Every structure is written in structure tokens, then in C-alpha cells.
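K.L.:
Before we start, here is the structure in question, set down as C-alpha cells.
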Amino acid sequence: MRKDLFNNCVVELGEYILFALKEKTAKLAPELTARNRAPISLAMGAPTAHPPKIVIDRLKELLDEPGIHTYSTPKGEIELRQAISKYMKRRFNVEVDAENEVFSLIGSKEGLANLVRAITTPCNGDIILVPDPIYASYWEFIKCAGAIGHPIPLTKENNYMPDMESVWATVDKPEKVKAMVINYPNNPLGAVATREYIRSVVEFCKRKDILLISDAAYSELYFDDAIKPFSVFEIEGAKDIAVEFFSFSKPYALTGWRLGWVCGNEEVVKRFGKAKSTVDNGHFKAMQLACAELLNSKEGDEYIARENLNYKRKQAFLVDGFRKLGYPLENVPAATFYLWLPIPPRYDCSAKFCQELLEKSGIVTVPGSSYGKCGEGFFRVSYVCSEDQMQTVLDRFKEDGFQY
Ligand SMILES: Cc1ncc(COP(=O)(O)O)c(C=O)c1O
């Protein structure tokens, strides 16, 4: 095959960390199992509970509906868009117009990647300001679009809410900045933001004339009503400059269904939709209709409340276990299903620590460096597995010498 077949952006892509970990784990599994260290994954951010029964039952019924198996539209079925509009009103008390301000997505990852492609010109030096650390895919899909991801450092010192004018001062060519991303509750930190901070971010984006992209994939995963995540559109005037991304994946354990939505600024939603419509024809109608019913159902709300209680209990279990192993855990996150832990001081690299943990103990965790430069020195664990598995993980940490 000719050497210049692929564009430079694609050539530079590494393998997505979670897929690479999965492959490596599968390769090591027989040997680990033989040593009584069968792999246990704390890597994936995918709930393992069964999804709400109501959505499965409805999907099954819909499979026999006439016309259900044909093309949908990229924008999404009107029933889904209306349900989203109703949900945004009911949950956040914000208005989004089902006709012009909502677009369905094949998972929020697809939507975010397509939005970056729609607003940047490849290899033109266009910049997206991205929280660091953040969901590892951002760095990859920004690179793949031929754009540049400039980090917004989220640190303990800035309370994970950095002053944006100071960040702006670190950008070489501010005129190239097209957009900034916020992600609260944050993956991997679990950090949340105050309304005052988001208000200042909205004002900042208006001042700099850039798009605000709010990634709200974890908006339903919280353990404390005092920090109940809010929508960016609760801030007055945000719709002038912002779009927000939501997902069915995390709250309803529907990661495999690949359904999400973007809503907000009409012009951005429209143009994004046009660009996206050149590469996909929308999601399977039956899934859209089943999820439309789930979104505002009593069963859906009860499911989320129950799962959040489960996560809270699992979090307490794991926090206690890691503290006993000497890991300093000062601020326990009040949202998401992740813990963000410092690597033991004797290690100088998170990738090396996670590799040893996998190869010696069969425990799969994600090195902090995958989430951005600020993630070095940390590792992420998810607590979506069973308490029995978590106990085994803690036992192996102790037996195999992975105390802090
Ligand atoms: C912060 C964040 N945004 C978006 C996504 C993508 O989720 P999905 O494509 O399943 O909607 C993830 C997945 O882990 C995430 O952590």
C-alpha cells in the first residue's frame, strides 16, 4: 500500500486507550488466570447494571411496528426531540425548541467529534480549549479533525474551575480559538462547578466570541442534591453562544445503544446537523422511540435514583479500602462513578504504575496521562463492577504490594 494513503492527522493517531487496554488484558488473561489473578476491570466507564426494564420492553414491542426498520432522519424522530424538550424543561427548567434547537446523536462522542469537524478547518491551526484532564477521546477526535486541543488545566489549586483569562494568556494565537469545552461533572475527576463559575465562563465566551461546548454526559450521576448538576442554559443568555451534549449511555446503562443529543444555539445546531447529515442517516427509530418514552418516565427517574444510591455505596466501600491502603483521598467526588487517585510516590509515571498493576495483579485501571498532561501522577478507577470484585481488587493491592 502506498505510504501517503492516509492524511497526516490520521497517521498521527494512537490507539484509543480503553480499546488498547482491553486488547492487552485479553492477551494476558490466560496467564493471569493461571496465577489466580484473572483480570478485573476498573477501567471502563460503562455501567454494568441491566438497563431499565421499561425501555427493553418497549424496544421489543416496537420491533414489530410497520415502518420501524427503515431510515430515520439525522435530526431524530419528532417524538424523541419532543421528549428531550420536555425533559430539559422538567429537569432544568430551560426551554429548547424540539424543531430547531435539538439534534439526535449516535452517542455524544459522535456528536462532539462531528461538531469539532464542523467548526474547524483541517490543518488551519484552529484551536479548541479543552479541560485537562478530560475524557481521553477529545484529544484524539480533535487531532483527527486536524485541529489543536489547547489544555484548560483543572487542578486542585484552582479548585477545578480555572480563571479563563489566565488560560487565554497561555494561547499563542488566540485569534485561532474557535470554542471551549466544559465538562461538569468531569470525567475523570468527578469535579463539579458552581453556577457563578459557569456564569463567568459564559461571559468569557461572549467576550472572546467563541462557542461554548458543554459536555453534560454525567449530569444524572450525582450523590448529593446540594450539587445537583445544572444545565448551562440555566445561565441567562447562554443559548446565544452555547450548545450542550447529553447521553443515554451513563444514566440508563445504555452505552451500547449509542444514543444522545445536542441542544442549544439554533444556528450551531442547524449547521452542525447539516455537516453531520453528510455522514450518517440518523439512529434506529425503535431505539429513539423507546428512549423517548424512558426519558420522562417514572421508571426512568426511579432507576437513576436507585443506581445513584448503589454508586454512592460502592464509592464509600472503595474510598474506605483505598484509604486503608494509604492512598490520600481528601475530596471524595460527589458525582460520576470514578475515583481519581495519586500513584504511589515511588512511581514516576502513571502508565508504568497501571501496567505493573495489570501485569502483576490483573487489575485494569487507566493511567492519568491518557486524560491530558495534568493527569500525569494519577490513575482512574471506575466503580461499576460488583462489591465482591472491588474487595478482590483491594485484597490484591495489599497482597501484591501496591499500597500507597
Ligand atoms: C465526558 C464524556 N463525554 C462523552 C462521553 C461519550 O459518551 P457516549 O458517546 O456514550 O454518549 C463520555 C464517555 O465516557 C465521557 O466520559
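The values are calculated or read from the model by the stated rules, or taken from the named source; none is laboratory data. It should be emphasised that the depicted structure is a prediction, and the values quoted were computed from it without experimental measurement. Cβ atoms come from the backbone with ideal geometry, glycine included; neighbour counts cover every protein chain shown.
K.L.:
Report yes if some residue within region 154-177 is assigned to a strand (DSSP E or B), under 18 Å from the mean Cα position of the chain (by Cα) and touching a residue at least 12 places away in the same chain (Cβ under 8 Å); otherwise report no.
P.N.:
no
K.L.:
When residues of region 34-80 are filtered for being part of a helix (DSSP H, G or I), in contact (Cβ under 8 Å) with a residue 60 or more places away in the chain and basic (Lys, Arg), how many remain?
P.N.:
2
K.L.:
Turning to a different aspect of this structure: Scan region 210-254 for residues that are under 14 Å from the mean Cα position of the chain (by Cα), within 19 Å of Glu95 (Cβ to Cβ), assigned to a loop (DSSP other than H, G, I, E, B) and among the hydroxyl-bearing types (Ser, Thr, Tyr) and jot them down.
P.N.:
Ser219
K.L.:
Okay, moving on. Condition first: β-branched (Val, Ile, Thr) and within 22 Å of Lys27 (Cα to Cα). Now tell me which residues in region 349-387 satisfy that.
P.N.:
Answer for region 349-387, where residues must be β-branched (Val, Ile, Thr) and within 22 Å of Lys27 (Cα to Cα): Ile363, Val364, Thr365, Val366, Val381.
K.L.:
With of a type in the set (A, V, I, L, M, F, W, C) and without any contact (Cβ under 8 Å) to a residue 24 or more places away in the chain as the only criterion, which of Ala238, Ala275, Ala305, Ala292 stands out?
P.N.:
Ala305
K.L.:
If you don't mind, another one. If only one of Arg271, Arg306 is loosely packed, with under 15 Cβ neighbours inside 10 Å and under 21 Å from Lys53 (Cβ atoms), which one is it?
P.N.:
Arg306
Let's see how each residue does on (1) buried (at least 20 other Cβ atoms within 10 Å of the Cβ); (2) in contact with a Phe, Trp or Tyr (Cβ under 7 Å, 6 or more places away or on another chain):
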site	(1), (2)
Glu61	no, no
Pro66	no, no
Gly76	yes, yes
Glu79	no, no
Asn100	no, no
Gly111	yes, yes
Thr120	yes, no
Ala145	yes, no
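K.L.:
A follow-up question, please. Applying the selection to region 205-229, what residues are within 14 Å of the ligand (Cβ to nearest atom) and either more than 21 Å from Ser166 (Cβ to Cβ) or of a type in the set (Gly, Ala, Ser) (or both)?
P.N.:
Correct list: Ser214, Asp215, Ala216, Ala217, Tyr218, Ser219, Glu220, Leu221, Pro229.
K.L.:
If I ask for residues that are in a loop (DSSP other than H, G, I, E, B) and acidic (Asp, Glu), which ones from region 343-368 would you list?
P.N.:
Asp348, the sole residue that qualifies.
K.L.:
For region 351-359, does any single residue satisfy the condition of being in contact (Cβ under 8 Å) with a residue 60 or more places away in the chain, assigned by TED's automatic domain parsing to the domain that holds Lys22 and within 25 Å of Tyr16 (Cβ to Cβ)?
P.N.:
Within region 351-359, one or more residues are in contact (Cβ under 8 Å) with a residue 60 or more places away in the chain, assigned by TED's automatic domain parsing to the domain that holds Lys22 and within 25 Å of Tyr16 (Cβ to Cβ).
K.L.:
For region 258-281, name all the residues that are assigned to a loop (DSSP other than H, G, I, E, B) and either on the phi < 0 side of the Ramachandran plot or more than 19 Å from the chain's Cα centre (by Cα) (or both).
P.N.:
Leu259, Asn265, Ser277, Thr278, Val279, Asp280, Asn281
K.L.:
Still on this structure: I want to confirm something. Restricting to region 88-110 and keeping residues that are in contact with a helix residue (DSSP H, G or I) (Cβ under 6 Å, 6 or more places away or on another chain) and assigned to a loop (DSSP other than H, G, I, E, B), which single residue is farthest from the ligand (Cβ to nearest atom)?
P.N.:
If we take residues in region 88-110 being in contact with a helix residue (DSSP H, G or I) (Cβ under 6 Å, 6 or more places away or on another chain) and assigned to a loop (DSSP other than H, G, I, E, B), then Asn100 is farthest from the ligand (Cβ to nearest atom).
K.L.:
Further question: Going by what's in this entry, would Val130 be described as assigned by TED's automatic domain parsing to the domain that holds Lys270 and within 14 Å of the ligand (Cβ to nearest atom)?
P.N.:
So Val130 passes the test.
K.L.:
To continue, here is another question. Residue check, Pro151 against (1) more than 18 Å from Thr120 (Cβ to Cβ); (2) more than 14 Å from the ligand (Cβ to nearest atom); (3) under 17 Å from the mean Cα position of the chain (by Cα), all met but one. Which one?
P.N.:
Of everything listed in (1) more than 18 Å from Thr120 (Cβ to Cβ); (2) more than 14 Å from the ligand (Cβ to nearest atom); (3) under 17 Å from the mean Cα position of the chain (by Cα), Pro151 misses just condition (1).
K.L.:
Looking at region 230-250, which of its residues are within 12 Å of the ligand (Cβ to nearest atom) and surrounded by fewer than 24 Cβ atoms within 10 Å (Cβ to Cβ)?
P.N.:
Ser249
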